[in-house]
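J.: Quick one: the structure is below, and I'll ask about it shortly.
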Amino acid sequence: MKVNSSDTDQLIPTLVAWWAIFMSWIFAFAAFSKFIDIKSFQESLLTIYAFPPHQLPLVALAVPIFELVISYLLITRRCLGLFLSFTFLAVLTIVVQLALQNGNEVSCGCFGGYSPISGSFFFARNVALILVSYLAFLRCAKSR
Amino acid sequence: MKLTFSPIIAVIWAVALVCAWAQHWNSTAAERSDEAFMLAPSAAYQLDALWVDVSISGKLVPLVVPGKLVVRGDDETFSRFIAPRLVRDMPIVIVCDAGCQSSLILAKKWALEYQNKNTKALEGGTSAIKQYIEKAKSYEG
């Protein structure tokens, strides 16, 4: 079966657009989950030991707001949204992995609630999301 | 940067909000259901209950309450001691090490199979047992 180059030219931007919609949903879901149970998210932040305890209420509010901004930008300014997506996920993954390496029981609070995470699953899932978002960003930047 | 309204964002956010609420509701319902099977210190002092030790060492309760009748959750003790109490709706406390969930799983299983409302789980090892007894005594006055 022959594949026209015009077909793939159309397919890839469509895939990038759908990926942006998917990531926008992921970030919105993560943000709303944190807003609904902000106390659990604060407890989760405490397990990461990345912020001083007195700053936790502010961080617990800032993170979901930032996630909603990314969710919004993924639809309105796709390239910027994709760039922020993989950057944010990369920073989060590094911080959580460092906490796990210190032997702490870590809950990332990613989708609300307090539940200790499995390091390997968390790492594999985030690396996959980062890689696809990075590739989508490269494609998006190239097509501009 | 100019803020623009997009119907796609409205749909995505609406769906995400519904999903987040559903997840929150589901997890709190599961927590509530688990709590019903956990031994609450405010409940009646259950030292007269049959204590079933499913910890690895099997010596949790005697360390805290010397002389207390404690049985293991094996087949022999189940048929001799546990089952007769289960059918009569008598209190049973299942204790386990910290981080072990066997007691909660067993409490749920026995409560469902024998319709026993007095089967409760106490996890957290010796420190949890000490804490429970102290709190239970303070509730008793």
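The values are calculated or read from the model by the stated rules, or taken from the named source; none is laboratory data. Quantities reported herein were computed from a predicted structural model and do not represent experimental measurements. Virtual Cβ from ideal backbone geometry, glycine too; neighbours counted across all protein chains shown.
J.: Taking B:R80, is it modelled with pLDDT of 75 or more, within 20 Å of the chain's Cα centre (by Cα) and among the basic types (K, R)?
T.: no
J.: Tell me which of these A:F22 doesn't satisfy, since it passes every other one: (1) touching a residue at least 40 places away in the same chain (Cβ under 8 Å); (2) surrounded by fewer than 20 Cβ atoms within 10 Å (Cβ to Cβ); (3) not β-branched (V, I, T).
T.: The single condition A:F22 does not satisfy is (1).
J.: Please determine, by comparing only the residues of segment A:61-113 that are at the interface with chain B (Cβ under 10 Å from one of its Cβ atoms) and modelled with pLDDT under 90, which one is farthest from A:L46 (Cα to Cα).
T.: Filtering segment A:61-113 for residues that are at the interface with chain B (Cβ under 10 Å from one of its Cβ atoms) and modelled with pLDDT under 90, the one farthest from A:L46 (Cα to Cα) comes out as A:F111.
J.: Next up: Quick one: which strands (runs of 3 or more DSSP E) sit completely within segment B:54-141 and have at least 1 residues that are of a type outside the set (S, T, N, Q) and more than 19 Å from B:E35 (Cα to Cα)?
T.: Values: elements: B:70-72, B:92-96, B:119-123.
Output list reads B:70-72.
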